[in-house]
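Taking it in order: structure first as structure tokens, then the write-up.
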């Protein structure tokens, strides 16, 4: 891991994300790129004079000043930090910035439209997750001295998840993180017998094939009334440091597994959440 992109709006939540990013940067000798999106209208930027131009200049200078304050945080001591201030208005543009900068990971705070309890729903974070081809780590609470020893990765063993599984496993291998791979069975039309799901897992893992493969008998097969609660409970049981889930990128996390699982996980889990676009 060489570069970490941290979109910031100078809120407490973006500072939480930056603190986690700094822990990664120190451990892996990576650099941090701070990105702030002004979102000014074209009408403001195309004026040649007057109050509109003065306003644009004001916000640019204000962003620079806030960057200086943010970069002076004690937890960033010894970390190489650069900054980008652009007039991006669409959060899908963060994906382009991440690719242009060669970022290995995006770390982003989550403060939804109704506060921390509405993490992804209608939030800018959800828009980034929906469009990012780079893995995203969502931070919902302040985590000091962040270390990721174990992550719970939820998978439904469908063939469409093979590439994202490989991407996730490569990242976790680079991070030196142990992975608990889980599948959740719930009472629904999609319910699978133990034999069926174990066979599907075996076929999936055989095709996915990885340098440090997980055997089918190492998968945790969970049962519960809801997938999200089973994942959350399991993460708590094994003292996981983070959860990991794929997303289709169509409507945020709403198409992962069934219904609005991703949104429910983001709303209820206090753990950091890795997302990988399918």
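The values are calculated or read from the model by the stated rules, or taken from the named source; none is laboratory data. This one's a predicted model, so the numbers in the text were calculated from it and none came from an experiment. Don't worry about glycine lacking a Cβ; one is built from the backbone with ideal geometry, like all the others, and counts go over all protein chains shown.
The set of residues from the range 69-107 being touching a helix residue (DSSP H, G or I) at 6+ places or on another chain (Cβ under 6 Å) and either in the same structural domain as residue 273 (by TED's automatic domain parsing) or in a helix (DSSP H, G or I) (or both) comprises 75, 76, 94, 95.
Against the numbered list (1) touching a helix residue (DSSP H, G or I) at 6+ places or on another chain (Cβ under 7 Å); (2) at pLDDT below 90; (3) surrounded by fewer than 12 Cβ atoms within 10 Å (Cβ to Cβ); (4) within 20 Å of residue 160 (Cβ to Cβ), residue 212 comes up short only at (4). Looking across 140, 150, 158, one residue alone is under 14 Å from residue 240 (Cα atoms) and touching a residue at least 40 places away in the same chain (Cβ under 8 Å). It is 150. Give me a count of the residues in the range 219-246 that are part of a helix (DSSP H, G or I) and either touching a helix residue (DSSP H, G or I) at 6+ places or on another chain (Cβ under 9 Å) or crowded, with 17+ Cβ neighbours inside 10 Å (or both). Final tally of qualifying residues: 8. Within this structure, residue 143 fails the test of being in contact with a strand residue (DSSP E or B) (Cβ under 9 Å, 6 or more places away or on another chain) and either within 25 Å of residue 109 (Cβ to Cβ) or not in a helix (DSSP H, G or I) (or both). Every listed requirement among (1) surrounded by fewer than 21 Cβ atoms within 10 Å (Cβ to Cβ); (2) modelled with pLDDT of 90 or more; (3) more than 26 Å from residue 25 (Cα to Cα) is met by residue 185 save one, (2). Total residues in the range 170-193 satisfying the condition of being touching a strand residue (DSSP E or B) at 6+ places or on another chain (Cβ under 7 Å) and outside any strand (DSSP E or B): the figure is 4.
Rundown of residues vs (1) at pLDDT 70 or above; (2) buried (at least 16 other Cβ atoms within 10 Å of the Cβ), yes/no style:
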| site | (1), (2) |
| --- | --- |
| 27 | yes, no |
| 33 | yes, yes |
| 38 | yes, yes |
| 46 | no, no |
| 65 | yes, no |
| 75 | yes, yes |
| 78 | yes, no |
